[in-house]
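Please treat every number below as a calculation from the coordinates, not as lab data. Keep in mind the model is a prediction, meaning the values are calculated, not measured. Using ideal geometry, Cβ is built from the backbone for each residue, glycine included, and neighbour counts are taken over all protein chains shown.
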């Protein structure tokens with residue numbers, strides 16, 4: 001390999017190592033990985049009954065998912081557009097003031 005190719009590859013690998021180190025230091029990355037891991041474990045093995053409820057779970061409807069709500073709303077919007085009926089029709093104009101004779 002040419003000397004400039006070796007230098008380029010060395011610099012590239014060092015920059016890659018620095019980027020990975022910065023990502024691994026960030027708490028946001030670890031929160032995301034923790035959330036994904038918890039979701040996968042819940043799907044594979046079920047919820048731990050001794051684990052406390054997460055925020056919003058006590059009031060959330062377990063039968064309705066967020067994706068289902070979006071899909072239903074999206075289908076309703078497309079259906080309304082095909083029918084030609086707007087979802088939020090414009091308000092009628094306010095009545096005009098009475099004219100004086």
> Which of (1) 5.7; (2) 19.4; (3) 7.0 is the computed mean projected area of the Cα convex hull in nm² for the structure on display?
Replying inline: (2)
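Per-residue counts of other Cβ atoms within 10 Å, averaged by peptide: what ranking do you get for 6-16, 89-99, highest first?
Highest to lowest by the protection proxy: 6-16, 89-99.
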>> Quick check of the Kirkwood formula: for the stretch 1-50, what is the inverse mean of 1/r over all pairs of different Cα atoms, in Å?
In response: 13.9 Å
> Once the Cα atoms of helix 66-83 and of the chain are each reduced to a long axis, what angle between those two axes, in degrees from 0 to 90 to the nearest 10, is obtained?
Replying inline: 50 degrees
> Expressed as an acute angle from 0 to 90° and rounded to the nearest 10, what is the orientation of the C-alpha long axis of helix 27-45 relative to the principal long axis of the chain?
Replying inline: 80 degrees
> Per the helix-only calculation at 222 nm, which mean residue ellipticity applies to the chain, given -39500 (n - 2.57) for every DSSP H run of n ≥ 4 and division by its residues, nearest 500 deg cm²/dmol?
Replying inline: -20500 deg cm²/dmol
